[in-house]
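The values are calculated or read from the model by the stated rules, or taken from the named source; none is laboratory data. What you see is a predicted model, and the numbers here were worked out from it, not measured in a lab. With ideal geometry, Cβ positions are generated from the backbone for all residues, glycine too; neighbour counts draw on all protein chains shown.
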Amino acid sequence: MAELLDDEEIRDRLPEGWERDGEEITRTFEFDDYLDGIEFAREVGVLAEEEFHHPEMIVGYEEVEVRFTSHEEGGITDQDVEMARRVNEGA
């Protein structure tokens, strides 16, 4: 099991564009076209399957909200921060 990050570690390690929302980290990605957002969500899903660490995603008309947390640990871990960083690289 991964260890929970404390408030300072979360603040220092959050990738660009991500914010903390309680026990989750979140970012909303914007797109010019609905299908671009769908493709992005699919790519995040493929990454999540590879890493077996799945975010919640909300797909809107021109945006996709991505939220990571480590449910078993009850909060934010290095794995969440690393997945956010990898999503940024693919965004």
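Quick notes
- Entry remark, the range 2-30: residues being buried (at least 16 other Cβ atoms within 10 Å of the Cβ), under 12 Å from the mean Cα position of the chain (by Cα) and in contact (Cβ under 8 Å) with a residue 60 or more places away in the chain number 5 in total.
- Members of the range 11-54 found to be closer than 16 Å to Val66 by Cβ and of a type in the set (A, V, I, L, M, F, W, C), listed by number: Leu14, Trp18, Ile25, Phe29, Phe31, Ile38, Phe40, Ala41, Val44, Val46, Leu47, Ala48
- Applying the set (1) modelled with pLDDT of 95 or more; (2) closer than 16 Å to Val81 by Cα; (3) not acidic (Asp, Glu) to Ala2 leaves exactly one unmet item: (1).
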